[in-house]
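Reading through the structure tokens given below for one structure.
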Amino acid sequence: MTRDEALARQGYRHACHVMLYGDSSAKLFGKIPIKHIVLMQMRFDGLLGFPGGLVNPSEETLEAGLSRELHEEVGVAVPVGVDDHMSSCVSSSCPRLITHFYIKKMTEAELKEIERAAVASATDHGLEVLGMVRVPLYFLKKGGGLPYFLSHSFISNSRAQLLSALRHCRLLSQGELKEAVRQAEQMRRTHSDDPR
């Protein structure tokens, strides 16, 4: 559904989240290209998700509310516009909630400042947000990197949003994404069979 169709629905709450990302020339261990920085966060409940939260469209625009939530969670009121909107849908885990997902490209310096501010000045740091996390967009031996990251637990549809955004922004190829998901599912099955 479009952003406007979502806003026209009566009796729903609205939540907005954003994937902040940018290009990077850094190399892991001086040899594995990072290529891109994608920020997510570890939430208070131990699940991975994107920064953002509940917004009241009768009091503020979705984008103004998202910027407010970002100020609380990452310590910076990142300006988010209608052009950054990617999708809106009814939440699968909460049927009277519509989730709006945004993608915002930033410079590497801006992303590093957000990481610093998230620890130094965000009011929700250590409470609702336990910390910012970079998504490893590379592959290491034995499923390390993105496959292992994808095997972790995500809130609601944030894992699907991540994969969709990575595809949309062409940060990884379709083949790389398929392989990462395949390896992650294999790891999940292996870990669920582990009697420890």
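Summary of values
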| item | result |
| --- | --- |
| Selection count, region 94-111, where residues are among the hydroxyl-bearing types (Ser, Thr, Tyr) and open to solvent by less than 30 Å² (accessible area, probe 1.4 Å) | 2 |
| Selection from region 79-93 of residues that are β-branched (Val, Ile, Thr), surrounded by fewer than 19 Cβ atoms within 10 Å (Cβ to Cβ) and closer than 15 Å to Leu66 by Cα | Val82 |
| Options Ala117, Ala160, Ala180, Ala165: the member that is free of Cβ contacts under 8 Å to residues at least 24 places away in the same chain, part of a helix (DSSP H, G or I) and either surrounded by 13 or more Cβ atoms within 10 Å (Cβ to Cβ) or not hydroxyl-bearing (Ser, Thr, Tyr) (or both) | Ala160 |
| Some residue of region 135-152 being assigned to a strand (DSSP E or B), in contact (Cβ under 8 Å) with a residue 40 or more places away in the chain and under 23 Å from Cys94 (Cβ atoms) | no |
| Test: residue in region 40-57 that is hydrophobic (A, V, I, L, M, F, W, C), part of a helix (DSSP H, G or I) and in contact with a Leu (Cβ under 9 Å, 6 or more places away or on another chain) | no |
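The values are calculated or read from the model by the stated rules, or taken from the named source; none is laboratory data. No experiment lies behind these values; they were computed from the predicted model shown. No Cβ is skipped: glycine too gets one built from the backbone with ideal geometry, and neighbour counts run over all protein chains shown. Each accessible area value is taken on the protein alone, full model and side chains, heavy atoms only, with ligands, DNA and RNA left out. Shrake-Rupley method; radii C 1.70, N 1.55, O 1.52, S 1.80 Å.
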